[in-house]
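**Student:** I have a structure here, written as structure tokens, and I will follow up with some questions on it.
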Amino acid sequence: MPTVRPLWRVPGIVVRERLHPSGRVRIPEPMVMDDPVSVDEFHTGGASNPGMRAVYDLCARSLDALLPPGGRLLDLGVGSGRALSAVLRRRPDIHATAVDLAPNMLATARKLFDSEGLADRVDLVQADITALPEKLSAAPWDAISCMWTLHQLPDFDILRGALDQLAAVRRRSGAAVWISDFQRLRDPAACPDMLVCVDPESPDILREDAIASEAAAFTFAELSTELTAAGLVGMHSGHSTPLPYLQAYWLFGAEGKPHAAPGVRRGELRGSARREAALLRWGFTAKPF
Ligand SMILES: C[S@@+](CC[C@H](N)C(=O)[O-])C[C@H]1O[C@@H](n2cnc3c(N)ncnc32)[C@H](O)[C@@H]1O
């Protein structure tokens, strides 16, 4: 018997969040995510957890809309590869180079891409997204992505380092940009309460990881200010509703909205992941597709 989800509690959580005063203090997480148990739990959750799969689906649809046919993508903070895998599976015509500092994450991503037959379309590089090697920052990218990674950065100086790199790549190559992440809510109880309502069967470690990541995330105001300061001006943005725990920013490439690519693979989600993805998509206030 599946556990009953106490969804009747959701409106109360949303109202409390709206009424809660702003000014919640950020609690940073360790920057590099390399502990084998956390890597494994995150990677397993990325395949089985409907909420995580919904986020990956939103990212894949967005990058599909931003990448031209045959496009080259630079992914910053690839982790165990689940987000990028969703993009590569949707768009069989593209090639990606993906960066992370964590050896266990990179090894897990390598195994994933091998097992999914995607390895010949991805180059994995161990590097710091706040200090990209010249061969990456000067390459001719069509899009740059940074998915669920900025909240890991310990402070504003390091966030600025990452955004400066991203902005420099955009300036040099005219690449499209896709940034998505958690948004720190006002009410510290909102994310834990919501997760218990919408995902009561989630393993504790995965739920605790999500709660810690939301507490470490930058708010809309913080991230928008830093994006503008880095020179990433005029970005489009959207967020999840009814609870704005996810935020996204994007720019089309210098050549404008790309033509639709041939061979796009749609609709791979089934069951609860498909329902979660549809809800996330419909609730998201704006998106590039
Ligand atoms: C929460 S994971 C997200 C992974 C993936 N994008 C996804 O959505 O599944 C964030 C990743 O960013 C990596 N990371 C954090 N700071 C980094 C840095 N300065 N340089 C490179 N990778 C970094 C972490 O090691 C971790 O693997």
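The values are calculated or read from the model by the stated rules, or taken from the named source; none is laboratory data. Note that the coordinates shown come from a computational prediction; the quantities given were computed from them, not determined experimentally. Glycine also receives a Cβ, built like all others from the backbone with ideal geometry; neighbour counts cover every protein chain displayed. Note: accessible area is taken over every heavy atom of the protein model, side chains too, but ligands, DNA and RNA are not part of it. Shrake-Rupley method; radii C 1.70, N 1.55, O 1.52, S 1.80 Å.
**Student:** Which residues, taken from the stretch 73-84, are of a type in the set (Gly, Ala, Ser), free of Cβ contacts under 8 Å to residues at least 60 places away in the same chain and either farther than 15 Å from residue 107 by Cβ or within 7 Å of the ligand (Cβ to nearest atom) (or both)?
**Tutor:** Result: 80, single match.
**Student:** Checking residue 160 against (1) more than 10 Å from the ligand (Cβ to nearest atom); (2) open to solvent by 40 Å² or more (accessible area, probe 1.4 Å); (3) out of contact with any Asp or Glu (no Cβ under 9 Å at 6 or more places or on another chain), only one condition comes out false. Which one?
**Tutor:** Condition (3) is where residue 160 drops out.
**Student:** Which of (1) free of Cβ contacts under 8 Å to residues at least 60 places away in the same chain; (2) within 11 Å of the ligand (Cβ to nearest atom) is the odd one out, the single condition residue 119 does not satisfy?
**Tutor:** Condition (2) is where residue 119 drops out.
A quick yes/no check of all residues on (1) assigned to a helix (DSSP H, G or I); (2) β-branched (Val, Ile, Thr); (3) modelled with pLDDT under 95:
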{"position": "41", "(1), (2), (3)": "yes, no, yes"}
{"position": "105", "(1), (2), (3)": "yes, no, no"}
{"position": "109", "(1), (2), (3)": "yes, no, no"}
{"position": "125", "(1), (2), (3)": "no, yes, no"}
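**Student:** Consider residue 213 carefully, then state whether it is out of contact with any Phe, Trp or Tyr (no Cβ under 8 Å at 6 or more places or on another chain), in contact (Cβ under 8 Å) with a residue 60 or more places away in the chain and on the phi < 0 side of the Ramachandran plot.
**Tutor:** no
**Student:** Return the total of residues in the stretch 91-103 being open to solvent by 40 Å² or more (accessible area, probe 1.4 Å), within 13 Å of the ligand (Cβ to nearest atom) and assigned to a loop (DSSP other than H, G, I, E, B).
**Tutor:** 1
**Student:** Next question. Among the listed residues 230, 189, identify the single one that is open to solvent by 30 Å² or more (accessible area, probe 1.4 Å), over 15 Å from residue 52 (Cβ atoms), over 16 Å from the mean Cα position of the chain (by Cα) and of a type in the set (A, V, I, L, M, F, W, C).
**Tutor:** Exactly one of 230, 189 is open to solvent by 30 Å² or more (accessible area, probe 1.4 Å), over 15 Å from residue 52 (Cβ atoms), over 16 Å from the mean Cα position of the chain (by Cα) and of a type in the set (A, V, I, L, M, F, W, C), namely 189.
**Student:** Need pairs with beta-carbon distance below 8 Å; first residue more than 20 Å from residue 40 (Cα to Cα) and within the stretch 189-209, second assigned to a helix (DSSP H, G or I) and at pLDDT below 90; sequence gap 6+ or separate chains.
**Tutor:** Listed pairs, sorted by first residue: 197/7; 198/7.
**Student:** For the structure I just gave you, tell me whether residue 38 is open to solvent by 30 Å² or more (accessible area, probe 1.4 Å), closer than 22 Å to residue 213 by Cβ and away from the ligand (no atom under 16 Å from the Cβ).
**Tutor:** no
**Student:** Quick check on this structure: which one of 64, 75 is under 26 Å from residue 280 (Cα atoms), in contact with a strand residue (DSSP E or B) (Cβ under 7 Å, 6 or more places away or on another chain) and not basic (Lys, Arg)?
**Tutor:** Exactly one of 64, 75 is under 26 Å from residue 280 (Cα atoms), in contact with a strand residue (DSSP E or B) (Cβ under 7 Å, 6 or more places away or on another chain) and not basic (Lys, Arg), namely 75.
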